[in-house]
Amino acid sequence: MLIAQVTDIHLGFQPDDPAELNRRRFDDVMASLLALEPRPDVLLATGDLAESGSIASYRSLKTVFDALPFPVLPAIGNHDVRRNFTSVFGRERMDGGYVQYVAEAGPLRIIVLDTVEEGLHGGAFDNGRAAWLAAALAASSKPTIVVLHHPPIETGNGWMTERSDAPWVRRLHDVVAGHRHVIRLLSGHLHRAIVTNWAGTTLAVCPSTAPQVAIDFRALDADDPDGRDMVIAEAPGFALHYWTGTDLVTHFGSGGEHPVLARYNARMQPTVRHILAERG
Ligand SMILES: [Fe+2]
Ligand SMILES: [Fe+2]
């Protein structure tokens, strides 16, 4: 089973330009995912789908999603507008006023959370949402993936991090910890590929299709705009999570053209033959 993931599309960053940079970067990633064989079984779209949460941006994305040969599970991010998001992607994904729902994906269960609080850049997870997650986790012991836009982690990376003692982080930690069937947390928001252990499981952050956040571990001073790099245009990214039957293996890739330095031809054949023979 293959679970593809895109995140932080930020469609509509240049609202008057239908061929905007973020659109082209997203299209490049989707072309890469559609070229995969076998194809993904499902696509996670983990928030910040639209820069300003406009219905026009969501409709444009929905046109793409509806044409895919696999279903899409959308999550909400801090740039999204809940009301517009659900009016396009479906109110059946709302529960208790939040975009939170459970989806079955073959042998896996996927729980999509809503970590948005209007006006906040960072995450939120109140007692109501914690109770909802606790009930969802208790309902099945199937291997479960928890999807949430905001990763509850301290990254060390400048302006894109979270306090590990933030109340919402502690609240989420307390619900997830102890559930051995949570095999992975999958996030976006940080615009970088990041992997860590967290609450007794593994958390992976998918790189954005929109431009990335620069790595810079120096302290930030709100009174000193020192000219450091903040947003950079590395290749647009995606993640591909491969379920082996017992483990979830996460790959990170990027869309667009890449130079090909070796192909499987007669020159590479001895190497391939050797590797396959060794594996038995
Ligand atoms: Fe984002
Ligand atoms: Fe975000």
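Where a number appears in this text, it was derived from the coordinates with a stated rule and is not lab data. Keep in mind it's a predicted model, so treat the numbers as computed, not measured. Glycine also receives a Cβ, built like all others from the backbone with ideal geometry; neighbour counts cover every protein chain displayed.
Electrostatic tally near V169: other residues with Cβ closer than 11 Å to its Cβ, Lys and Arg +1, Asp and Glu -1, net -1. Within the shell of other residues whose beta carbon sits under 10 angstrom from the beta carbon of R218, the net charge comes to -2, with Lys and Arg scored +1 and Asp and Glu -1. Structural descriptor for the range 2-279: relative contact order 19 percent, calculated from alpha carbon pairs under 8 angstrom and at least 6 residues apart. Among the GluC sites (Glu not before Pro) in the range 84-169, those located in a DSSP loop and surrounded by at most 11 other Cβ atoms within 10 Å of their own Cβ are E118. With the Kirkwood sum run over all distinct C-alpha pairs, the chain has a hydrodynamic radius of 19.7 Å. When chymotrypsin sites (Phe, Trp or Tyr not before Pro) are flagged only if DSSP places them in a loop and at most 16 other Cβ atoms lie within 10 Å, the longest unflagged stretch of the chain comes out as 1-158. Taking Lys and Arg as +1 and Asp and Glu as -1, the other residues whose beta-carbon sits under 14 Å from that of A67 total +1. The phi torsions of the range 192-204, fed into the Karplus equation with coefficients 6.51, -1.76 and 1.60 and a -60° offset, translate into couplings of 8, 7, 9, 9, 7, 7, 6, 6, x, 9, 10, 10, 10 Hz, rounded to whole numbers, with Gly and Pro shown as x. Structure remark: mean-square fluctuation, Gaussian network model of the chain, C-alpha springs under 10 Å; the largest value among Q212, Q14, Q269 belongs to Q269.
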